[in-house]
Structures are given as structure tokens and as C-alpha cells.
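Down below is the structure, laid out as C-alpha cells.
The values are calculated or read from the model by the stated rules, or taken from the named source; none is laboratory data. All values derive from a computational prediction rather than experimental measurement. Quick reminder, even Gly has a Cβ in these numbers, built from the backbone with ideal geometry, and neighbours come from all protein chains shown. These area figures cover heavy atoms from the full protein model, side chains too; ligands, DNA and RNA do not enter into them. Shrake-Rupley method; radii C 1.70, N 1.55, O 1.52, S 1.80 Å.
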Amino acid sequence: MDLRNAKWRKSTYTASNGGNCVELAGVAGAVAVRDSKDPDGPVLLLSRAALRTAVHSAATTR
């Protein structure tokens, strides 16, 4: 999938020093997820339902 024109958004929990953060981009039928410190690195493609489940799981296991 070509992500060169994807509009990436940083997490609202990003620290001012650019700490541990993810970026998300809506793409056809999925959500792309990448590490903001490595924008040219690997990208996960998740369905919206899978992302919702992952975020819910992370929030409830703190």
C-alpha cells in the first residue's frame, strides 16, 4: 500500500520531548500505525475494529 500521501496524526499523549508516541493515518479500509520517531520504519495496518480493541485493551491493563 502506498502511504506517501497519507495524512499522519500524532497521538494526543505525545510528550513535548517527542517521547514514546505513535502516529495514525486513515487509509482505504484500515488505519496505518507507525512510530513517530521512525517515520520511515515499519507500519502496521489495522482494521478500525482491531485498533479499537487494541486501544481498549491497552487502556484497561494499565
- Are there any pairs, at least 6 apart or on different chains, whose C-beta atoms fall under 6 Å, with the first in the range 33-62 and within 14 Å of S11 (Cβ to Cβ) and the second open to solvent by 100 Å² or more (accessible area, probe 1.4 Å) and at pLDDT 90 or above, and if so, which? V33/L44
- Message: Being within 14 Å of R9 (Cα to Cα), open to solvent by less than 40 Å² (accessible area, probe 1.4 Å) and in a strand (DSSP E or B) is the filter here; which residues of the range 20-32 pass it?
- Response: E23, A25, V27, V31, A32
